[in-house]
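Some notes on the structure that comes next.
What follows draws every value from the coordinates through simple rules; no lab data is involved. Owing to the predicted nature of the structure, the values given are computational and were not obtained by experimental measurement. Neighbour counts run over all protein chains shown; Cβ positions are idealised from the backbone, glycine included.
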Amino acid sequence: MSTQLPADLSTDTVREISSQRDEPEWLLQTRLDALKSLESLDLPDVIKTPGRRWTDLESLDFEKLVDPLNQSDKTARVTAEGVKVLPFADAVDMHPDVVESAFGSTVALDENYLTALSAALFTTGTVVYVPEGVDAEDVKVRAEMNSRSLFSHTLVISEPSSSVTILESIEPGSESVDADSRYFSNLVEIAAGENSYVQYGSLQTLDDNTYSYSLKRADVSTYGTVNWIEGNLGSRLTRSDVESELNGDSSESQIVGAFFGHEDQHFDVNARVWHKAEHTTADLVTRGVLDDEARSVYEGVQDVGRDAWSTSSYQRENTLMLSDESEADASPKLIIHNHDTEASHSATVGQVDQEDLFYMISRAIQPGMARDMLVKGFFVPVLEEIAVDEFRDDLEELIAARLK
């Protein structure tokens with residue numbers, strides 16, 4: 001593997017990060033194990049077509065991107081009644097057993113090079129703990145990135161018969177950073193207890209000199225539901241993986257995604273669900289728009305296990321290209337291991353319908369306005385799936401601003 005470790009990344013560096021946070025021995029050892037595993041790990045898989053790798057992760061210069069001892073963020077957390085929303089360091093102090101049990105239980109920290117790098121170096125993050133029987137909304141985590149590199153880790157633990165809606169965002173900070181390029185990493189683990197409901201919305205609007213990687217995964221128990229909302233408009237290169245493991249009977253998950261790229265942005269967005277129990281349901285809906293020389297690649301996976309009887313699984317992805325220079329590829333996949341399954345998948349890539357555009361112009365609508373109206377209309381099927389008004393409003397505003 002050609003990935004090069006930062007020169008100052010060593011056991012001493014990891015020990016210093018851990019010492020500054022007065023972490024327990026188990027967490028320090030977890031960091032050191034992740035650091036050691038970097039020597040043998042590969043970067044995440046990317047979609048390949050004949051003669052082409054659509055996302056070039058190998059060219060990322062971690063020597064230049066990562067500054068492990070100078071990470072800085074400004075994060076505001078808003079909690080709701082009955083829910084504990086804590087900075088990761090505080091949660092380790094106050095609820096060490098809960099954090100130790102959940103940390104790395106959903107996302108294997110040595111899953112790939114980027115997860116291990118994040119586990120070794122993370123300095124910020126949030127733990128959301130929802131006790132049994134609590135119903136909560138309006139949990140918010142709004143972060144600003146104020147350094148060359150930033151590694152974050154989020155844990156969500158929902159106990160049986162609880163519910164919570166969480167909105168997370170990451171944006172460039174107001175503090176100036178002397179760096180030509182930056183790197184942001186975010187790992188999110190959700191452990192959804194029996195009959196619990198978790199809705200997790202994430203919005204990324206980092207500036208165009210940032211490379212971002214996120215892996216969000218849920219473990220969904222019996223009668224549990226985890227719904228994801230993923231919005232990506234920022235960063236130069238975005239690698240986003242949103243995944244659900246339906247491990248309990250009658251568990252459910254929905255993954256709703258939207259992206260809008262312009263200039264030379266690159267989006268590698270992926271939605272995956274594993275059906276591992278009976279009577280499970282999943283719905284994957286993604287829409288993206290590309291302008292200028294922007295590029296995107298999408299992989300959607302519905303994996304129905306041998307014991308996942310009476311499964312319902314649906315997937316649809318659509319990409320709209322606004323210029324001849326933009327590029328898109330999509331790879332929806334159905335992997336079915338039993339016959340008692342109802343499933344479908346589809347993906348389309350195309351340009352603005354010229355007949356629709358001509359019709360609107362013939363009705364005295366200016367060409368630019370007509371195109372913008374068609375783009376906004378294109379996103380409607382995704383926006384209609386977003387049950388959180390605040391998230392939907394934010395996304396609509398960002399889409400409108402991008403069109404301007």
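Set the bar at 21 Å for Cα to Cα. Now go through LYS74/LYS404; LYS216/LYS333; LYS74/LYS140; LYS140/LYS216; LYS36/LYS74 and name every pair that lies beyond it. Working shown, then result.
Numbers: LYS74/LYS404 29 Å; LYS216/LYS333 19 Å; LYS74/LYS140 14 Å; LYS140/LYS216 17 Å; LYS36/LYS74 30 Å.
Beyond 21 Å between Cα atoms: LYS74/LYS404; LYS36/LYS74.
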Base-10 log of normalised Debye intensity for segment 11-402 (one unit scatterer per alpha-carbon) at q = 0.09 Å⁻¹
-0.52
When only C-alpha pairs under 8 Å and at least 6 residues apart count, what is the relative contact order of segment 1-147, in percent?
36
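Give me the net charge for the shell around ARG306: Cβ to Cβ below 14 angstrom, other residues only, Lys and Arg +1, Asp and Glu -1.
Values: positive: LYS276; negative: GLU278, ASP303, ASP307, ASP340.
Net charge in that neighbourhood comes out at -3.
Need one number: convex hull volume per residue for segment 117-176, Cα atoms only, in Å³.
Output value, Cα hull per residue: 82 Å³.
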Rank by packing, highest mean first: peptides 207-215, 246-254, with packing defined as the count of other Cβ atoms within 10 Å averaged across residues.
246-254, 207-215
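Compare the peptides 351-360, 279-288 by average per-residue count of other Cβ atoms within 10 angstrom and give them in order, highest first.
Numbers: 351-360: 12.9, 279-288: 22.8.
With the highest mean Cβ count within 10 Å placed first, the list reads 279-288, 351-360.
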Grab the DSSP H runs of the chain that are 4 residues or longer, score each as -39,500 (n - 2.57), total them, divide by all residues and round the 222 nm result to the nearest 500 deg cm²/dmol.
-6500 deg cm²/dmol
Peptide ranges 11-19, 323-331 listed from the most packed, as the mean C-beta count within 10 angstrom indicates
323-331, 11-19
So for segment 11-402: antiparallel DSSP bridges make up what percent, rounded to the nearest 5?
10
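Pairs of Cα atoms under 8 Å, at least six residues apart: use those to get the relative contact order of segment 11-402, whole percent.
Numbers: 1003 pairs, mean separation 38.6, N = 392.
Over segment 11-402, the number comes to 10 percent.
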Base-10 log of normalised Debye intensity for segment 225-373 (one unit scatterer per alpha-carbon) at q = 0.08 Å⁻¹
-0.28
